[in-house]
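First up is the structure itself, then whatever we jot down about it.
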Amino acid sequence: MVKSSKLKNVYGNKTVEDQKQIYRDWAKTYDIETTGEFGWIGFTPAAAEFSKRVIKKDARILDAGCGTGLSGVALNKEGFTNIHGKDLSPEMLEQAEKTGVYSSLSEVDLTQPVQTFDPYDAIFSCGVFGFGPPYPEHLHHIINMLKSGGYAVITVNGKGWVEKNWPESLLTAVEEHSLKLEEQLDIEYLENEEIDGKLLIFRG
Ligand SMILES: C[S@@+](CC[C@H](N)C(=O)[O-])C[C@H]1O[C@@H](n2cnc3c(N)ncnc32)[C@H](O)[C@@H]1O
């Protein structure tokens with residue numbers, strides 16, 4: 001049972017346009033509400049696991065769905081210095097700019113294929129997948145931006161994992177796009193909502 005009415009709305013059936021509007025309206029209060037009220041901490045264990053695998057601190061990293069930059073700040077605290085943020089919402093990106101941890105920021109819609117001429121050494125995506133959109137069938141849009149052999153570390157909301165039957169759709173996505181899913185871990189995620197997270201670790 002989700003306590004916050006805001007989260008109930010975010011977890012409802014949404015279109016990409018709905019998501020754009022939700023995050024446009026939420027950008028200025030997102031950090032305080034999520035980390036304060038909901039106990040949003042998923043970016044900390046996810047960044048720690050990322051850091052165990054991505055050894056070079058100057059690796060060129062994509063933070064896919066960077067939002068206001070909580071995820072980029074968590075990566076920076078782990079010592080990473082070459083972080084590039086992409087997000088659907090220009091208003092969230094505006095907030096991310098203020099963190100000062102991103103080497104570049106730009107708009108993206110991860111439900112669509114993304115052209116990359118210069119693939120990333122590693123990819124981090126935190127808080128983006130779960131209920132969707134984007135859905136498991138869009139995971140390959142992210143992995144396609146990764147260098148061969150690189151790591152993509154992606155969280156999935158544990159409530160969405162169950163309610164949206166991720167085990168089945170993830171398997172389909174992995175098989176259809178020959179994704180290299182190396183590990184699957186449980187992490188702390190939304191503490192005050194008692195929602196855990198899954199951490200998916202892919203190789204390019
Ligand atoms: C819960 S926030 C997570 C933000 C940040 N990574 C964090 O750890 O706090 C989800 C982010 O995903 C972005 N998002 C939602 N749908 C997207 C899409 N189709 N393409 C790219 N970003 C999307 C939203 O704009 C929002 O900033």
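The residues listed here are Ile187, Ile142; of these, the one that is closer than 22 Å to Asn76 by Cβ and either without any contact (Cβ under 8 Å) to a residue 40 or more places away in the chain or not in a helix (DSSP H, G or I) (or both) is Ile187.
Table: residues versus (1) of a type in the set (Phe, Trp, Tyr); (2) farther than 25 Å from Phe80 by Cα; (3) within 14 Å of the ligand (Cβ to nearest atom); (4) outside any loop (DSSP other than H, G, I, E, B).
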residue: Lys6; (1), (2), (3), (4): no, yes, yes, yes
residue: Asn9; (1), (2), (3), (4): no, yes, yes, yes
residue: Lys20; (1), (2), (3), (4): no, yes, yes, yes
residue: Thr44; (1), (2), (3), (4): no, no, yes, yes
residue: Phe50; (1), (2), (3), (4): yes, no, yes, yes
residue: Lys56; (1), (2), (3), (4): no, no, no, no
residue: Ala59; (1), (2), (3), (4): no, no, no, no
residue: Asp63; (1), (2), (3), (4): no, no, yes, yes
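Examine segment 98-116 for a residue that is in contact with a Phe, Trp or Tyr (Cβ under 7 Å, 6 or more places away or on another chain) and closer than 26 Å to Thr15 by Cβ, and state whether such a residue exists.
First, the residues of segment 98-116 that are in contact with a Phe, Trp or Tyr (Cβ under 7 Å, 6 or more places away or on another chain): none.
No, segment 98-116 has no match at all.
Scan segment 92-108 and tell me whether some residue there is out of contact with any helix residue (DSSP H, G or I) (no Cβ under 7 Å at 6 or more places or on another chain), at pLDDT below 95 and more than 11 Å from the ligand (Cβ to nearest atom). Checking segment 92-108: not a single residue is out of contact with any helix residue (DSSP H, G or I) (no Cβ under 7 Å at 6 or more places or on another chain), at pLDDT below 95 and more than 11 Å from the ligand (Cβ to nearest atom). Selection over segment 23-49 of residues that are crowded, with 16+ Cβ neighbours inside 10 Å and of a type in the set (A, V, I, L, M) gives a count of 4. Inspect all residues belonging to segment 119-126 and state whether any of them is within 17 Å of the chain's Cα centre (by Cα), more than 19 Å from Glu183 (Cβ to Cβ) and not hydroxyl-bearing (Ser, Thr, Tyr). No - not one qualifying residue is present in segment 119-126. Screening Glu175, Glu182 for residues that are surrounded by fewer than 17 Cβ atoms within 10 Å (Cβ to Cβ) and either in contact with a helix residue (DSSP H, G or I) (Cβ under 8 Å, 6 or more places away or on another chain) or outside any helix (DSSP H, G or I) (or both) leaves exactly one candidate, Glu182. The condition of being within 10 Å of the ligand (Cβ to nearest atom) and assigned to a loop (DSSP other than H, G, I, E, B) holds for only one of Thr81, Thr111, that being Thr111.
Residue by residue, here is whether (1) modelled with pLDDT of 95 or more; (2) closer than 29 Å to Ala122 by Cβ; (3) among the polar types (S, T, N, Q) holds:
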{"position": "Val10", "(1), (2), (3)": "no, yes, no"}
{"position": "Lys14", "(1), (2), (3)": "no, yes, no"}
{"position": "Trp26", "(1), (2), (3)": "yes, yes, no"}
{"position": "Asp31", "(1), (2), (3)": "yes, yes, no"}
{"position": "Glu37", "(1), (2), (3)": "no, no, no"}
{"position": "Trp40", "(1), (2), (3)": "yes, yes, no"}
{"position": "Thr44", "(1), (2), (3)": "yes, yes, yes"}
{"position": "Ala48", "(1), (2), (3)": "yes, yes, no"}
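When the residues of segment 73-119 are filtered to those that are touching a residue at least 60 places away in the same chain (Cβ under 8 Å) and hydroxyl-bearing (Ser, Thr, Tyr), the one that is nearest to Gln19 (Cα to Cα) is Ser89.
Quick check: anything in segment 58-72 more than 17 Å from the chain's Cα centre (by Cα), in contact (Cβ under 8 Å) with a residue 12 or more places away in the chain and surrounded by fewer than 21 Cβ atoms within 10 Å (Cβ to Cβ)? Yes: one or more hits. Scanning segment 145-184 for residues that are touching a strand residue (DSSP E or B) at 6+ places or on another chain (Cβ under 6 Å), among the small types (Gly, Ala, Ser) and farther than 18 Å from Ala74 by Cα returns Gly150, Gly158.
The values are calculated or read from the model by the stated rules, or taken from the named source; none is laboratory data. The structure displayed is predicted, hence computed values, not measured ones. For neighbour counting, all protein chains shown are included, and Cβ atoms are generated from backbone atoms with ideal geometry for every residue, glycine included.
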